[in-house]
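Attaching a single structure in structure tokens format; questions to follow.
The values are calculated or read from the model by the stated rules, or taken from the named source; none is laboratory data. Computed from a prediction, not measured in an experiment: that's the story for all the values here. Glycine gets a Cβ as well: all are built from the backbone with ideal geometry, and neighbour counts include every protein chain shown. Heavy atoms of the whole protein, side chains included, go into the accessibility calculation; ligands, DNA and RNA do not. Shrake-Rupley method; radii C 1.70, N 1.55, O 1.52, S 1.80 Å.
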Amino acid sequence: MTGDKANSDVGILKEIAELLNEGTELNTVLAEVLRRLLHITGLETGWIFLIDAQGDYQLAAKVELPPALSMDNFAPMCEGGCWCVDRYNDGRLNKATNIFECKRLEDAINNKSGETNGLTHHATVPLRAGDEKFGVMNVGSPHKTHFKKDELALLEAIAFQIGTAIKRIRLAQQEQELALAAERNRLARDLHDSVNQLLFSLSLTARAGTEMANTPELKETFSYIQDLAQEAQGEMRALIWQLRPRGLENGIICALSGYAEMLDLPLETNVIGVSSLPGKVEEALWRIGQEALANCKKHSMAELVHLTLDTSSGLAEMTIQDDGTGFNFNPEKELPSLGLKSMQMRAFSLGGKLQILSKPGEGTLITVRIPI
């Protein structure tokens, strides 16, 4: 490598490092660094797939994709298999590789589904930090079918920088989530120690007033105050549960059983597999289960609810079934309530799915599946 080339590569690495160090939102950082990388290396097209532990990928960043890969809101890049992802998942992709013929582009050419603008090949580089793997970066240019060793070495160095940045950003997000959980716990303690105790005192005072009152009107007023205080206490307990579910430290089943007991809702539980779950998954199942049990209490008039948690297949699958009134549900239409939409979004945010089955007079079955 000549001195000028070495200096140029060092300058590129420095510029990329500065971009990566500035960002905190992952997809924005990846899009910007990919755009900058292509500009300073003279390449034209690139995309980044983030790949999870189950081998599922998502298109996290893309620059100047040809029409054949951009059609239908980038559908060719969001579905189906390809050689680079397959090699990544089976462990064969460990360094910058020169070069794959791109299966997605080959399919587009064979199917005549759109213009490829002369792009047929791309270099593929794994994104990693130490032993952790995060996905792949693909770069190329029209009619370019070969990358030199020093080009691959530079791409590999940049990919390592990107992998390190991904790890840093994800660790920062985890710290924020932990800080948020700590703040919820603090707020729950404050509500329990102050407002909840005041409501309890108000209830006792109203009861004493009822016993001491010497006219029916006054007794009725104190009784009404006592009822309001007790109702407010119930709402406060539910709010404290939402902020800090007692028993979650002992597992999701213990927490949901305690919540059902607080609602005075009969609950039968069944656990299949190991009940210890990652924090994010457990939190999502807790919130979904909480909303489902609250709906059972408020709307279904259920006499018994069955809850099953199955973790034996690499998924956390939770089902909640009641024997209540049920409702008209059409899966082709938008979910009818904000609570159900919130449940669905919590599952989707972790790559999971929510299924609802319900008919009037036949109860309701909610199934949520989230990858572990």
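Residue by residue through region 266-280, note down the ones that are surrounded by fewer than 19 Cβ atoms within 10 Å (Cβ to Cβ) and at pLDDT 85 or above.
Answer for region 266-280, where residues must be surrounded by fewer than 19 Cβ atoms within 10 Å (Cβ to Cβ) and at pLDDT 85 or above: P266, E268, T269, N270, V271, I272.
Scan region 109-133 and report the pairs whose first residue is under 14 Å from I162 (Cα atoms) and whose second residue is among the β-branched types (V, I, T) and assigned to a helix (DSSP H, G or I), with Cβ atoms within less than 6 Å and a gap of 6+ or a chain change.
L127/I162; A129/T164
Just for region 1-46: of the residues that are at pLDDT 75 or above and among the basic types (K, R), which one is surrounded by the most Cβ atoms within 10 Å (Cβ to Cβ)?
The selected residue is R36.
Kindly indicate whether F74 is modelled with pLDDT of 85 or more, under 22 Å from the mean Cα position of the chain (by Cα) and assigned to a helix (DSSP H, G or I).
Considered against the rule, which asks whether it is modelled with pLDDT of 85 or more, under 22 Å from the mean Cα position of the chain (by Cα) and assigned to a helix (DSSP H, G or I), F74 comes out as yes.
Report, by residue number, each residue of region 274-318 that is farther than 15 Å from G351 by Cβ, touching a helix residue (DSSP H, G or I) at 6+ places or on another chain (Cβ under 8 Å) and of a type in the set (K, R).
Selection gives R287 alone.
Between a residue in region 84-102 that is at pLDDT 80 or above and assigned to a strand (DSSP E or B) and any residue that is open to solvent by less than 70 Å² (accessible area, probe 1.4 Å) and not acidic (D, E), which pairs come within a Cβ distance under 6 Å, given they are 6 or more apart or on different chains?
Between residues of region 84-102 that are at pLDDT 80 or above and assigned to a strand (DSSP E or B) and residues that are open to solvent by less than 70 Å² (accessible area, probe 1.4 Å) and not acidic (D, E), the close pairs are T97/T124.
I would also like to ask the following. Which of the residues that make up region 343-372 are part of a loop (DSSP other than H, G, I, E, B) and either free of Cβ contacts under 8 Å to residues at least 12 places away in the same chain or out of contact with any strand residue (DSSP E or B) (no Cβ under 6 Å at 6 or more places or on another chain) (or both)?
Across region 343-372, the qualifying residues are K359, P360, G361, E362.
In addition: Look at region 284-294 and say how many of its residues are out of contact with any Gly (no Cβ under 9 Å at 6 or more places or on another chain) and open to solvent by 10 Å² or more (accessible area, probe 1.4 Å).
Within region 284-294, residues that are out of contact with any Gly (no Cβ under 9 Å at 6 or more places or on another chain) and open to solvent by 10 Å² or more (accessible area, probe 1.4 Å) number 2.
Checking the condition over 30 Å from E282 (Cα atoms), assigned to a helix (DSSP H, G or I), open to solvent by less than 60 Å² (accessible area, probe 1.4 Å) and touching an Asp or Glu at 6+ places or on another chain (Cβ under 9 Å), which residue from A159, A108 passes?
Answer to the selection: A108.
How many of the residues in region 295-340 are hydrophobic (A, V, I, L, M, F, W, C), part of a helix (DSSP H, G or I) and open to solvent by less than 90 Å² (accessible area, probe 1.4 Å)?
Count: 2.
Listed here are the residues, each with its yes/no results for (1) open to solvent by 10 Å² or more (accessible area, probe 1.4 Å); (2) among the polar types (S, T, N, Q); (3) assigned to a helix (DSSP H, G or I).
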site	(1), (2), (3)
R104	yes, no, yes
N117	yes, yes, no
T124	no, yes, no
R128	yes, no, no
V136	no, no, no
Q176	yes, yes, yes
